[in-house]
Amino acid sequence: MLAIGFLSVRPATNDHLAAVRVGVSVAVPLAALLVLGRPDLSIYAVFGAFTGMYGRDERHQLRLYHQLTAAALLIAGVTAGAVLSAAHAGSWVLILVESLAAGAGSLAADRANLKPVGPFFGIFALGACASVPPIAPVPVVGAVAAASAGFSVAVGVAGGVWRRTAWEAGVRRVAPSLTGARLRVAMIHALAYVLAVGSAGAAGQLTGDRHAYWAMAAAAVPLAGADFTGRIRRGLHRILGTFVGLGLTALIMSQQPGTVLLVALIAALQFPTELFMTRHYGLALVFFTPLILIMTELAHPTDPGLLIADRGLETLIGAIIGMAVAVLVLGRGSRTAGRHSRSAHRES
């Protein structure tokens, strides 16, 4: 019987350091937008700030390389979404574009040994930014995301600068080429992402709500698991953690907080999200869910009750489809193409 491990939390391994880095990376850009009177742009800043989630356990020099790659994918996702929004692209166009982006992002993530693994945050950024009305010109949107991502990178290397860590010439992250068997495995994973994301988007669209991208994002989650058990566990954690998080969201929204408090909550919720992201995915989702919904509400105010209901339905649809694709396409094999090495070596 599959144990989903929802009631057990892995021991801490300096997770608070990564949580502080990501929390600062999110809080400062949001504070800047508040000062500028543009809290509606928070969605773009937060997705850029997710750059700080990458390379959490690596040395500063390696983290820099890692986060620069992640930043490029996140900025591309935000900008592509803003372009689709500005063009008033239809839902089916978004589904097609995001499905193809998921496949391409999977290959890029495997090639770069990204951690967190897979294209999740990039395609989530694309779908979310495409699904809100145009808030600002595309160059402004891209600039906000890039500035936020750049600040996250600066926070990521700040410790090394503070300690005056020497720059080691020739050091690079280990990222084996995708050739032979590794390429075949990576292509299968990319196909699984295209199939899962596309199917979830179509199913979400057929439910008639405006947030099918949540189903697409949820479908990508199980595929990042290292093996069969990990994939099913991630899918179940996605569902359970999201539903608990929706209860927390309802509690927050029932108090009718003002804009300043909502922005502060986004920054505050990012800390526990990152604190538990690698230790207990479901618990991290309890805090990540209200963060995302508050961010969406700031960009495009709507009925919170409908927003919460849509989030629950789309997450359920997407996670189930993602687990089904994981079983049918990836089977019981382990993920080899996307494994991450925490070591570095010098080029000869």
- Which of the chymotrypsin sites (Phe, Trp or Tyr not before Pro) across the range 69-133 are loop residues per DSSP, with 12 or fewer other Cβ within 10 Å? none
- Item | ILE188, ILE294, reordered so the largest accessible area comes first (probe 1.4 Å) | ILE188, ILE294
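Work through the residues other than GLU274 whose Cβ is under 11 Å from its Cβ and net out their charges, Lys, Arg +1 and Asp, Glu -1. Display every interim value, and only then the final one.
On the way: positive: ARG21, ARG56, ARG279; negative: ASP15.
Cβ neighbours under 11 Å give a net charge of +2.
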- Task: Treating each Cα of the chain as an identical point scatterer and ignoring solvent, apply the Debye formula and state log10 I(q)/I(0) at q = 0.10, 0.11, 0.13, 0.14 Å⁻¹.
- Result: -0.55, -0.67, -0.97, -1.15
- Can you give the accessible area per residue of the chain, in Å², using a 1.4 Å probe? 41 Å²
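Checking the a/c ratio against 1.5 first, then a/b against b/c, what shape does the Cα gyration tensor give for the range 87-136?
Details: a/c = 3.55, a/b = 1.95, b/c = 1.82.
Since a/c reaches 1.5 and a/b is larger than b/c, the shape of the range 87-136 is classed as prolate.
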- Item | Highest to lowest packing among 177-186, 43-52, 191-200, scored as the average C-beta count within 10 Å | 43-52, 191-200, 177-186
- Message: Please compute the length gained on full extension between ASP303 and VAL157, using 0.36 nm multiplied by the number of residues separating them and subtracting their Cα-Cα distance.
- Response: 48.5 nm
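Which helices count as membrane-span-like in the chain under these terms: full DSSP H, at least 18 Å along the axis by C-alpha, Kyte-Doolittle mean of 0.0 or more?
Values: long enough: 15-35 (30 Å, 1.69); 60-86 (37 Å, 0.97); 91-112 (30 Å, 1.06); 138-162 (35 Å, 1.72); 180-206 (39 Å, 1.08); 228-254 (39 Å, 0.74); 259-276 (27 Å, 1.83); 281-299 (26 Å, 1.85); 304-325 (31 Å, 1.33).
Within the chain the helices that satisfy the rule are 15-35, 60-86, 91-112, 138-162, 180-206, 228-254, 259-276, 281-299, 304-325.
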- Query: How much accessible area does LEU206 have with a 1.4 Å probe, in Å² rounded to the nearest 10?
  - Reply: 140 Å²
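Percent of accessible area on the chain owned by carbon and sulfur, 1.4 Å probe?
Details: 9870 of 14400 Å².
That share works out to 69 percent.
If you add up the charges near VAL263, with Lys and Arg at +1 and Asp and Glu at -1, over every other residue whose beta carbon is less than 15 angstrom from its beta carbon, what do you get? Could the numbers behind the result be given before it?
Numbers: positive: ARG38; negative: ASP40, GLU297.
Net local charge, VAL263 excluded: -1.
The values are calculated or read from the model by the stated rules, or taken from the named source; none is laboratory data. Quick caveat, the model's predicted, so the values are computed rather than measured. Using ideal geometry, Cβ is built from the backbone for each residue, glycine included, and neighbour counts are taken over all protein chains shown. SASA here: full protein model, heavy atoms, side chains in, ligands and nucleic acids out. Shrake-Rupley method; radii C 1.70, N 1.55, O 1.52, S 1.80 Å.
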